[in-house]
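**Q** This is the structure I have questions about; it appears just below.
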Amino acid sequence: MKTSTNEKKALLRKMVEIRLFEEKIGLLFHQQLIPGFVHLSIGQEASTVGSCSVLRPDDYIISTHRGHAHILAKGAEPKYMFAECFGKVTGYCKGKGGSMHIADFSKGILGANGVVGGGFPIMTGAGFSIKLRGTDQVGMVFFGDGASNRGTFHEAVNMAAVFKLPIVFVCENNRYASTSPAEKMVAGGSVANRAHAYGIPGAINDGSNVLAVRDSVAEAVDRARKGYGPSIVENETYRYKGHFEGDRQRYRTPDEIQQYRLTRDPIDRFETLLIDEGIATQKEIDAMKAAVAAEIEDAVKFAMDSPLPDPHEAMQDLFVNP
Amino acid sequence: MAVRELSCSLAMAEALKEEMERDTTVFIIGEDLVSNGGIFGQFRGLPELFPDRIIDTPISETAIVGAGVGAALTGMRPIIDMHFADFVTTAMDEIVNQMAKIRYMFGGQAKLPLVLWAPDGSGLNAAAQHSQCLENWFVHVPGLKVVVPSEPADVKGLLKAAIRDDDPVIFFQHKKLFNQTGPVTEDKYIVPLGKAAVRRVGTDITILTYSRMTYFCKEAARELAQKGIQAEIIDLRTLMPLDFATIAESVKKTRHAVVVHEACTTGGFGGELSARITEELFEYLDGPIVRIGARHVPMPFSPVMEHYVLPQVEDIVAGVRKALRR
């Protein structure tokens, strides 16, 4: 698809925003300011931003335990996300969700899901809902190589294929399911290969090339929107950080991580491209990064300054009609 | 208003038809709904009336239940047909970790107006994997409402209430009661969730029960009456939310209680009721609360063994006498 100069700049800015957000979350976690678990997706920005860049505001996404990036890419505001991660009452979920369970239904974000593979069946239902209501929305469900081995994946892909539901299954294959290498755990060569079994398209992309991802996902979204049914898109990517913050990562070497950082970093690659194409100068990019960093600081300040919930609020929000 | 004798099956079909006519966001998703009107014929006639809103799926309970959750989150009111209540085990993550938690963990942003309809219970010699009563599992999980009707009029009224409710409702309908008939008025009434019904007024003991056991308790009460014991029978109808006010009123009057359900006694809802009554109404009690339920084994196939494992009328009579120590 055609990507304008402004769109390219926006793609870079969103990737930078996500990277800085994630780095900040990591820092705050290690300063023991964020309770619980955090799972960062640094290194995977091109896959997420390229995929969400072709969605409309009224389209749906479902994210994963490693979900900050998807939620930001679909338009959520960093300040309410930080507040949620801090357990503050101003957070997206009033402090009831935390890092693994952030949603913004007003933006079509049906939530990050703490259960690996938990999103597939739910998106199937959003697909039925879209068909029954007669709209041309699309649902995009993000998952990792690990989740592709859950039964939920196979039931949902079959169901979506049978009913031609408007769903794009976006696999962010970051090579490790927790600690287990994908090549040891995923039969059939790739996740995308599994599409053939269900008679739907399956594509594999260089997941650190934001434009390649965007083009491939655009095709799948277009197909879904026109009523031709679901697709699987697999973006080959890499996470620089552990499965969770604090993961000792005995399953891989620091060298392997360094190789990816030096040769396939999605932000470095795209910056170089924009400079080579004359779309932006290094100076402009540096200025943009400084502006995003300042926004992130403001967002953190908002979260820090926000009040904690009254503990009694734990008893609210269970039922609409108690 | 005219009153007809209807079976639970027909009462259910009426509820579905009325609600699907009233609200175009109501749809039914599950297996074998169109071709056969459901495995018990409970949906017969509906596919012709609402061809787009009865969806026959592959055998994929995980995806079916999850689809109900996703559809409810995006503006629809799904009714999920669980085929047999026993099969909830194939979709436990979707029920326990998704359906029950999504509203709460996202800070009340979403509502999940859905009904998971699950035919449960034994008495059909269907053996271990098609006979269970699992309602208490779901009472234990915050975020789910649990309905266990006994009479056809309640099947209709409670199902309509469940469909209109904005929260997820697990609706257990006993298989052995599909053909059970009872009076059902012709008006489009609702039976609100969370209200128990006093089925028999008595002064000597309160029998708390629900679903098919309500009928067993009525028979036991007739026998007890011949021995001079007047039992009050409360059909709970909804376990979550629970109408504890009606229970308390009765126990304060009779000063004795037994709890009767078809599910295994161990870990069953009777334990919860017994504990709560003891905690909150101890000073009114003149005797121990006795639980009557199934023996602690999977349901055996052979009819003589199934009969032995299930609570029977004589077990209820004996339980009442034990509670009253007479």
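The values are calculated or read from the model by the stated rules, or taken from the named source; none is laboratory data. Just so it is clear, the structure is predicted and the values come from calculations on it, not from any experiment. Because the Cβ atoms are built from the backbone with ideal geometry, glycine has one as well, and the counts that use them run over all protein chains shown. Please note that ligands, DNA and RNA were not included when accessible areas were found on the heavy atoms of the full protein model with its side chains. Shrake-Rupley method; radii C 1.70, N 1.55, O 1.52, S 1.80 Å.
**Q** How do B:Met105, A:Met81 stack up against each other in accessible area, from largest to smallest, with a 1.4 angstrom probe? Spell out each step's value before the answer.
**A** Values: B:Met105 20, A:Met81 0 Å².
The ordering from most to least exposed comes out as B:Met105, A:Met81.
**Q** Set Lys and Arg Cβ to +1 and Asp and Glu Cβ to -1, take the dipole of chain B about its Cα centre, and tell me which of B:Pro303, B:Gly68, B:Thr24 lies farthest positive.
**A** Of B:Pro303, B:Gly68, B:Thr24, it is B:Pro303.
**Q** Another question, then. If you wrap a convex hull around the alpha carbons of the range B:3-185, what volume per residue comes out, as a whole number of Å³?
**A** Numbers: hull volume 19.2 nm³, N = 183.
In the range B:3-185, the Cα convex hull volume per residue is 105 Å³.
**Q** Summarise the partner chain shielding of B:107-116 as one whole number: the mean count of Cβ atoms from other chains within 10 Å of each residue's Cβ. Please report the intermediate quantities before stating the final value.
**A** Numbers: counts 16, 8, 12, 6, 4, 2, 1, 1, 0, 0.
Partner-chain Cβ atoms within 10 Å, mean over residues of B:107-116: 5.
**Q** Looking at the range B:176-238, which trypsin sites (Lys or Arg not before Pro) are DSSP coil and have at most 12 other C-beta atoms within 10 Å of their C-beta?
**A** Values: sites: B:Lys176, B:Lys188, B:Lys195, B:Arg199, B:Arg200, B:Arg212, B:Lys218, B:Arg222, B:Lys227, B:Arg237; in loops: B:Lys188, B:Lys195, B:Arg212, B:Lys227, B:Arg237.
For trypsin sites (Lys or Arg not before Pro) across the range B:176-238 that sit outside H, G, I, E and B with at most 12 neighbouring Cβ atoms in 10 Å, the list reads B:Lys227.
**Q** Using a 1.4 Å probe on the protein heavy atoms only, what accessible surface does A:Lys241 show? Give it in Å² to the nearest 10.
**A** 60
**Q** A further question on this structure: Which translational diffusion coefficient, to the nearest whole µm²/s, is obtained for the range A:128-257 from the Stokes-Einstein equation, given a Kirkwood hydrodynamic radius over C-alpha pairs, 4 °C and 1.567 mPa s? Could you put the intermediate results ahead of the total?
**A** Values: Rh = 15.5 Å.
Estimated via Stokes-Einstein, D reaches 84 µm²/s.
**Q** Based on the inverse mean of 1/r over its pairs of different Cα atoms, what is the Kirkwood hydrodynamic radius of the range A:183-263, in Å?
**A** Numbers: mean 1/r = 0.0674 Å⁻¹.
Value: 14.8 Å, from the Cα pair sum.
**Q** Write down, largest first, the equivalent ellipsoid semi-axes of the range B:1-62 in whole Å, where each equals the square root of 5 times an eigenvalue of the alpha-carbon gyration tensor. Display every interim value, and only then the final one.
**A** Numbers: eigenvalues 97, 41, 17 Å².
That gives 22, 14, 9 Å for the three semi-axes.
**Q** Report, in whole Å, the centroid distance computed from the Cα atoms of the range B:8-38 and the range A:63-110.
**A** Computed from Cα coordinates, the inter-centre distance equals 37 Å.
**Q** Let me ask another. Which translational diffusion coefficient, to the nearest whole µm²/s, is obtained for the range B:127-218 from the Stokes-Einstein equation, given a Kirkwood hydrodynamic radius over C-alpha pairs, 25 °C and 0.890 mPa s? Walk me through the numbers on the way to the answer.
**A** Numbers: Rh = 14.6 Å.
So the translational diffusion coefficient is about 168 µm²/s.
**Q** Same structure, new question: Considering all alpha-carbon pairs of the range B:210-308, what whole percent are spaced by more than 18 angstrom?
**A** On the way: 2520 of 4851 pairs.
Taking all Cα-Cα pairs of the range B:210-308, the fraction more than 18 Å apart is 52 percent.
**Q** Would you mind telling me which residue in B:Glu283, B:Glu21, B:Glu272 has the biggest mean-square fluctuation in a Gaussian network model of chain B, where springs connect alpha carbons within a distance under 10 angstrom?
**A** Result: B:Glu283 has the largest fluctuation of those listed.
**Q** Take the Cα atoms of the range A:1-123, build their convex hull, and give its volume per residue in Å³. Don't skip to the end; give the middle numbers.
**A** Values: hull volume 12.8 nm³, N = 123.
So the per-residue Cα hull volume is 104 Å³.
**Q** Please figure out what share of the DSSP beta bridges in the range A:5-301 is antiparallel and state it in percent, rounded to the nearest 5.
**A** Values: 3 of 25 bridges.
If we restrict to bridges inside the range A:5-301, about 10 percent are antiparallel.
**Q** Right, here's the next one. Using a 1.4 angstrom probe on the protein heavy atoms only, line up B:Trp137, B:Trp117 by accessible area, largest first. List each step's numbers first, then the result.
**A** Numbers: B:Trp137 110, B:Trp117 0 Å².
In descending accessible area the options line up as B:Trp137, B:Trp117.
**Q** Ranked from the most accessible area to the least, with a 1.4 Å probe and all protein chains present, what is the order of A:Tyr240, B:Tyr189?
**A** On the way: A:Tyr240 10, B:Tyr189 40 Å².
Descending order: B:Tyr189, A:Tyr240.
**Q** Taking H placed 1.01 Å from N in the peptide plane, check which residues at least 5 places from A:Ser41 or on another chain put their amide H under 5 Å from its amide H.
**A** Answer set, sorted by chain and number: none.
**Q** Continuing with the same structure: Which value, in debye to the nearest 20, gives the size of the charge dipole of the protein assembly as shown about its Cα centre, when Lys and Arg are +1 and Asp and Glu are -1 at the Cβ?
**A** 660
**Q** Hull surface divided by four, with the convex hull built on the Cα atoms of the range A:56-180: how many nm²? Present the calculation step by step, with values, prior to reporting the outcome.
**A** Values: hull surface 30.6 nm².
Over all viewing directions, the range A:56-180 projects a mean Cα-hull area of 7.6 nm².
**Q** Whole percent per 5 Å bin, from 0 to the bin with the longest distance: what is P(r) over all C-alpha pairs of the range A:51-106?
**A** Taking all Cα pairs of the range A:51-106, the binned fractions are 5, 22, 31, 24, 12, 5, 0 percent.
**Q** How would the range A:258-322 be classified by its alpha-carbon gyration tensor: rounded, prolate or oblate, with rounded meaning a/c under 1.5 and the a/b versus b/c comparison settling the rest? Walk me through the numbers on the way to the answer.
**A** Numbers: a/c = 3.49, a/b = 2.50, b/c = 1.39.
In terms of gyration-tensor shape, prolate.
**Q** Can you tally the net charge around A:Gly36? Count Lys and Arg as +1, Asp and Glu as -1, for every other residue whose Cβ sits under 15 Å from the Cβ of A:Gly36. Walk me through the numbers on the way to the answer.
**A** Working: positive: A:Arg66, A:Lys88, A:Lys96; negative: A:Glu84, A:Glu245, A:Asp247.
Every neighbour counted, the sum reads 0.
**Q** For the protein assembly as shown, max minus min Cα coordinate along each principal axis, in Å, sorted largest first?
**A** 97, 54, 47 Å, listed from the longest principal axis down.
**Q** Express the Stokes-Einstein translational diffusion coefficient of chain B in µm² s⁻¹, to the nearest whole number, given a Kirkwood radius over alpha-carbon pairs, 37 °C and a viscosity of 0.692 mPa s. Before the final figure, lay out each step's value.
**A** Numbers: Rh = 20.1 Å.
Translational diffusion coefficient: 163 µm²/s.
**Q** From the Cα trace of the range A:5-301, what convex hull volume per residue do you get, rounded to a whole Å³?
**A** Values: hull volume 36.5 nm³, N = 297.
Value for the range A:5-301: 123 Å³ per residue.
**Q** Considering the convex hull of the alpha carbon atoms of the range A:164-322, report its projected area averaged over all viewing directions, in nm², one decimal.
**A** Working: hull surface 62.7 nm².
Across all orientations, the range A:164-322 yields a mean hull projection of 15.7 nm².
**Q** On to the next question. With every protein chain left in place, what is the accessible area of B:Asp315 in Å² (1.4 Å probe, nearest 10)?
**A** Answer for B:Asp315: close to 60 Å² accessible.
**Q** Find out how many positive minus negative residues lie around B:Val148, taking Lys and Arg as positive, Asp and Glu as negative, among other residues whose Cβ is under 12 Å from that of B:Val148. Kindly include the intermediate steps, with their values, before the conclusion.
**A** On the way: positive: B:Lys145, B:Arg212, B:Arg237; negative: B:Asp120, B:Glu135, B:Glu151, B:Asp154, B:Asp235, B:Glu262.
Net charge around B:Val148: -3.
**Q** For the range B:14-101, what size does the Cα cloud have along each of its three principal axes, sorted from largest down, in whole Å?
**A** 34, 27, 20
**Q** Give me the net charge of B:Ala263's neighbourhood, meaning all other residues with Cβ under 15 Å from the Cβ of B:Ala263; Lys, Arg count +1, Asp, Glu -1. Show your work: numbers first, answer last.
**A** Numbers: positive: B:Lys175, B:Lys176, B:Arg212, B:Arg291, B:Arg295; negative: B:Asp86, B:Asp120, B:Glu135, B:Glu262, B:Glu272, B:Glu306, B:Asp315.
Counting the neighbours of B:Ala263, the net charge comes to -2.
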